[in-house]
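Worksheet: the structure to be examined is printed underneath.
The values are calculated or read from the model by the stated rules, or taken from the named source; none is laboratory data. Computed from a predicted structure; not experimentally measured. Heads up, the Cβs are rebuilt from the backbone with ideal geometry, glycines too, and the neighbour counts pull from every protein chain shown. We work out accessible area using only protein heavy atoms, side chains counted, and drop any ligands, DNA or RNA first. Shrake-Rupley method; radii C 1.70, N 1.55, O 1.52, S 1.80 Å.
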Amino acid sequence: MTTETTKMTARSVQVFYGDNHAIKDVDVDILDNTVTAFIGPSGCGKSTFLRCLNRMNDTIDICRVQGEILMQGENIYDPRVDPVQLRAKVGMVFQKPNPFPKSIYDNVAYGPKIHGLTRSKAELDEVVEKSLRRAALWAEVKDRLHAPGTGLSGGQQQRLCIARAIATNPEVLLMDEPCSALDPIATAQVEELIDELRTQFAVVIVTHSMQQAARVSQRTAFFHLGNLVEYGETGQIFTTPRDPRTESYITGRIG
Amino acid sequence: MKKDTHITTAFDRDLEAIETHIMRMAGLVEEAILNAATALETRDEALASAVRAGDKAIDALEEQINMDAARLIALRSPTAADLRTVLTAMKIAGALERCGDYAKNLAKRSNVLAQMPAVAGSAGSIRRMAKAVQLQLKNVLDAYARRDVVLAEQVRQDDHDVDQMYNALFREFITHMMEDPRNISACMHLHFIAKNIERMGDHATGIAEQVIYLVTGSLPAEARPKADNTALMTGTER
Ligand SMILES: Nc1ncnc2c1ncn2[C@@H]1O[C@H](COP(=O)(O)OP(=O)(O)O)[C@@H](O)[C@H]1O
Ligand SMILES: [Mg+2]
């Protein structure tokens with residue numbers, strides 16, 4: 001299932017770290033129920049742009065963001081928007097699995113608790129179970145929910161982080177190289193999960209693996225030196241890219 | 001051959017190896033076509049037998065190209081122009097293999113025809129047609145090696161001439177058969193030969209289309225007028 005419904009719209013986005021112009025006038029539409037991959041050489045601004053989508057850059061002092069990012073018509077940079085609330089709607093999973101030093105249960109329950117999304121223990125139990133099921137981890141952990149999250153394997157920890165991100169019932173899920181610390185089997189499991197997740201969310205994934213972008217995404221955006229060079233249907237990008245810079249990059253030539 | 005190279009140089013070597021095999025295969029096919037036509041005209045049974053035996057080498061090259069292509073896809077996951085290079089190599093190798101089979105069939109029939117009285121002028125006409133098709137193949141492989149879309153388009157258009165030659169031969173054979181039924185056996189063989197050469201021309205056109213796809217990423221949209229109208233001929237019109 002892929003829809004053409006736009007979930008987020010970025011217009012003329014510029015990002016500066018001090019004098020470093022890291023993102024240059026980027027326009028992009030993030031579609032609902034679609035996995036959008038950001039690819040490009042190291043340092044081209046993929047992570048920076050991804051962090052714009054849930055205002056994670058606010059936490060970096062020297063970082064300035066200009067332009068507009070709309071989520072269902074509302075500018076997420078509007079002063080009235082609470083970034084903490086925003087991050088519950090636009091969840092994020094990082095490169096290295098980073099479970100809290102707490103139990104598996106508490107890792108997943110944390111978000112719903114601080115956002116006050118549940119009224120009873122029973123309801124919280126339900127959210128935890130549902131999130132672990134959606135993250136394809138339930139079967140593996142249901143008998144040890146109170147064991148520490150840090151005791152899981154790398155792949156399980158990453159799926160725990162995904163469960164934690166989706167426990168607040170977000171609309172968009174951002175993932176920054178979520179598989180780069182995982183072995184091939186754990187990677188395949190997470191990729192399978194990503195494909196499953198797009199039935200419920202808009203997923204945006206930064207990946208340095210072009211094969212992964214080709215495997216999991218329906219849309220691909222190629223960034224180069226802070227510019228969004230090309231954005232299109234993944235099959236088109238990998239078979240007939242329009243821009244010679246995209247072609248050089250995806251075919252592994254010096255660009 | 002290409003303007004820039006891969007970071008992994010082994011990738012370039014693999015792609016180049018496939019293209020080298022294509023060019024060798026094409027060389028063998030061109031030679032087989034010319035030799036088979038010469039064997040027909042000069043009634044040289046030894047040369048015809050050599051053409052028949054030589055088809056094995058052509059088949060082996062096609063297999064090699066397909067294996068190399070499969071390996072490259074599995075190991076290097078080619079994309080964009082690299083992917084088109086691999087896909088077109090497989091298709092071009094397939095087209096060349098068919099041309100090789102037709103040349104082999106021509107050689108086989110030339111051995112049979114050598115046992116029959118000659119049909120006046122026909123072997124010379126066949127040789128001219130074979131020469132025209134061999135030139136088409138040579139041009140289209142030049143277009144492939146140089147990534148020359150203009151030349152590929154020229155080959156596509158020139159197939160018309162081969163079709164015309166075939167139409168003329170078709171008429172000629174019908175005339176011979178009507179004039180003297182003793183010509184029927186030989187003319188049937190000659191007609192199959194002419195038809196097969198015409199098909200080689202179609203393969204050259206197919207290769208030209210692959211070259212255009214390789215370079216531009218899309219097949220030519222505009223249809224090419226077919227000049228083979230023998231399907232409509234009754235043999236009674238003059
Ligand atoms: N926290 C930061 N502080 C200062 N500069 C940063 C920071 N994060 C990224 N940058 C700079 O922004 C540019 C883009 O980096 P990044 O978004 O991490 O690229 P990518 O994810 O594509 O590798 C780089 O020049 C990088 O040095
Ligand atoms: Mg990054």
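Could you tell me whether A:Thr168 is more than 14 Å from chain B (Cβ to nearest Cβ), within 22 Å of A:Ser131 (Cα to Cα) and touching a Gly at 6+ places or on another chain (Cβ under 7 Å)? Yes, satisfied.
Before we move on, is A:Ala136 away from ligand 1 (no atom under 16 Å from the Cβ) and among the hydrophobic types (A, V, I, L, M, F, W, C)?
Taking the combined requirement at face value, the residue satisfies it.
All told, B:His176 falls short of being open to solvent by 20 Å² or more (accessible area, probe 1.4 Å), farther than 27 Å from A:Arg242 by Cβ and in contact with a Lys or Arg (Cβ under 7 Å, 6 or more places away or on another chain).
On the given criteria, is A:Arg80 of a type in the set (Lys, Arg), within 13 Å of ligand 2 (Cβ to nearest atom) and away from chain B (no Cβ under 14 Å)? No; evaluated as a whole, the condition is false for this residue.
Considering A:Ile114, A:Ile162, the condition of being without any contact (Cβ under 8 Å) to a residue 24 or more places away in the chain and either among the hydrophobic types (A, V, I, L, M, F, W, C) or at positive phi (or both) is satisfied by A:Ile114 alone.
Of everything in the stretch A:193-209 that's within 13 Å of ligand 1 (Cβ to nearest atom) and crowded, with 22+ Cβ neighbours inside 10 Å, which residue is nearest to the other protein chains (Cβ to nearest Cβ)? By that ranking, first place goes to A:Thr207. Go through the stretch B:7-25 and give me each residue that's within 14 Å of chain A (Cβ to nearest Cβ) and either open to solvent by less than 60 Å² (accessible area, probe 1.4 Å) or at positive phi (or both). Selection gives B:Ala10, B:Phe11, B:Asp12, B:Asp14, B:Leu15. Taken over the stretch B:169-223, the criterion of being within 14 Å of chain A (Cβ to nearest Cβ), outside any helix (DSSP H, G or I) and touching a residue at least 24 places away in the same chain (Cβ under 8 Å) is satisfied by B:Gly217 alone.
Scanning the stretch A:218-255 for residues that are small (Gly, Ala, Ser) and either free of Cβ contacts under 8 Å to residues at least 40 places away in the same chain or within 14 Å of chain B (Cβ to nearest Cβ) (or both) gives A:Gly232, A:Gly235, A:Ser248, A:Gly252, A:Gly255.
The selection criterion, being over 15 Å from A:Ser103 (Cα atoms), touching a helix residue (DSSP H, G or I) at 6+ places or on another chain (Cβ under 8 Å) and open to solvent by less than 10 Å² (accessible area, probe 1.4 Å), holds for A:Ile166. Note on the stretch B:100-126: residues that are modelled with pLDDT under 95 and of a type in the set (Lys, Arg) amount to 0.
Residues in the stretch A:83-98 that are in contact with an Asp or Glu (Cβ under 7 Å, 6 or more places away or on another chain) and assigned to a loop (DSSP other than H, G, I, E, B) were compared, and the one that is nearest to ligand 1 (Cβ to nearest atom) is A:Gln95.
For beta carbons closer than 8 Å, sequence separation of 6+ or different chains, a first residue in the stretch A:45-59 that is without any contact (Cβ under 8 Å) to a residue 60 or more places away in the chain and more than 14 Å from chain B (Cβ to nearest Cβ) and a second that is among the aromatic types (Phe, Trp, Tyr) and more than 9 Å from ligand 1 (Cβ to nearest atom), the qualifying pairs are A:Arg55/A:Tyr77. Report whether or not A:Ala181 is surrounded by fewer than 20 Cβ atoms within 10 Å (Cβ to Cβ) and within 16 Å of ligand 1 (Cβ to nearest atom). Considered against the rule, which asks whether it is surrounded by fewer than 20 Cβ atoms within 10 Å (Cβ to Cβ) and within 16 Å of ligand 1 (Cβ to nearest atom), A:Ala181 comes out as yes. Residues in the stretch B:26-85 that are basic (Lys, Arg), away from chain A (no Cβ under 14 Å) and farther than 18 Å from B:Ala107 by Cβ: 1 in all.
Condition check for A:Lys121 on (1) in contact (Cβ under 8 Å) with a residue 60 or more places away in the chain; (2) open to solvent by 60 Å² or more (accessible area, probe 1.4 Å): one failure, at (1).
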